[in-house]
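The values are calculated or read from the model by the stated rules, or taken from the named source; none is laboratory data. These numbers come from a predicted model, not from an experiment. Here Cβ is always computed from backbone atoms with ideal geometry, including for glycine, and neighbour counts include all displayed protein chains.
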Amino acid sequence: MPVTEPVTAYIGLGSNLEHPEDQLRSARKAIAALAGLRELSISSLYRSAPMGPSDQPDYVNAVMAVSTTLEPLQLLDALQAIEQAQGRVRSGERWGPRTLDLDLLLYGEQNIDLPRLNVPHPGLAQREFVLYPLAEIAPPQLNVPGHGALGDLLKQCPDRGIRVIGRV
Ligand code: ROI
């Protein structure tokens, strides 16, 4: 029987509607319960001002590390099903508010360029609400394909006021 080596993947969690902290806690449980996936660690909860339109509530973000034998698109399908189950409505408004956003940030050291999926997640290298929680659970040497070491990305990322607000 073929044995698939597990891959370490990083998932970004974000919400700014309908009790964001609870949204992230529910999502964490749903992700950890997926077949073919094991939770390795999860960051603290971080609050930050919205990137994009400012007439929306602050966001709560976290990053989760998992070990998985799911293929990238299988993992994406599973994450999108969790978003739907938690009432995500795609309003069509670009960068509008959302109950739950689950992003596949990194999948091992793979570069993936598909119509439905880009990994590393575009924007990862510049976004404080991804880099700060990621740096809490990943080593500074972590290679972000195409961008270099996580520690260097973090040094180049200004702190625009992101704050730890608690545990998931
Ligand atoms: N802004 C912050 N601070 N956190 C997010 O998770 C987030 N997600 C988004 C946009 C609308 C780009 N802004 C965000 O999708």
Tell me which residues, restricted to the stretch 1-35, are modelled with pLDDT under 95 and among the acidic types (Asp, Glu).
5, 18
In the stretch 23-49, residues that are in contact with a strand residue (DSSP E or B) (Cβ under 9 Å, 6 or more places away or on another chain) and either crowded, with 19+ Cβ neighbours inside 10 Å or more than 15 Å from residue 102 (Cβ to Cβ) (or both) total 17
If only one of 9, 27, 62 is within 16 Å of the ligand (Cβ to nearest atom) and in a strand (DSSP E or B), which one is it?
62
Residue under question is residue 167, and the condition is that it be of a type in the set (Lys, Arg), away from the ligand (no atom under 16 Å from the Cβ) and touching a Ser or Thr at 6+ places or on another chain (Cβ under 8 Å); does it hold?
yes
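Could you grab me the full set of residues in the stretch 6-29 that are without any contact (Cβ under 8 Å) to a residue 24 or more places away in the chain and more than 26 Å from residue 56 (Cα to Cα)?
Of everything in the stretch 6-29, just one residue is without any contact (Cβ under 8 Å) to a residue 24 or more places away in the chain and more than 26 Å from residue 56 (Cα to Cα), namely 29.
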Of the listed residues (47, 38), the one being near the ligand (Cβ under 10 Å from one of its atoms), in a strand (DSSP E or B), modelled with pLDDT of 95 or more and of a type outside the set (Val, Ile, Thr) is 47
Taking only the stretch 50-66 into account, find how many residues are closer than 11 Å to residue 16 by Cβ and crowded, with 19+ Cβ neighbours inside 10 Å.
3
Selection status of residue 126, free of Cβ contacts under 8 Å to residues at least 40 places away in the same chain and either closer than 21 Å to residue 42 by Cβ or within 12 Å of the ligand (Cβ to nearest atom) (or both):
yes
Would you pick out the residues in the stretch 67-91 that are touching a residue at least 24 places away in the same chain (Cβ under 8 Å), of a type outside the set (Gly, Ala, Ser) and farther than 20 Å from residue 21 by Cα?
68, 69, 70, 72, 73, 74, 75, 76
Kindly indicate the residue of the stretch 77-114 that is out of contact with any helix residue (DSSP H, G or I) (no Cβ under 9 Å at 6 or more places or on another chain) and closer than 23 Å to residue 3 by Cβ and also surrounded by the most Cβ atoms within 10 Å (Cβ to Cβ) among those meeting that condition.
108
Which numbered condition residue 69 fails, given (1) under 18 Å from residue 15 (Cα atoms); (2) of a type in the set (Ser, Thr, Tyr); (3) away from the ligand (no atom under 16 Å from the Cβ):
(1)
Return a yes/no flag: does the stretch 88-100 have any residue that is farther than 22 Å from residue 128 by Cβ and within 10 Å of the ligand (Cβ to nearest atom).
yes
Residue 56 versus (1) in contact (Cβ under 8 Å) with a residue 12 or more places away in the chain; (2) more than 11 Å from the ligand (Cβ to nearest atom); (3) in a loop (DSSP other than H, G, I, E, B): which is the lone unmet condition?
(2)
Taking the condition of being more than 17 Å from residue 80 (Cβ to Cβ) and more than 17 Å from the chain's Cα centre (by Cα), how many residues in the stretch 1-48 meet it?
8
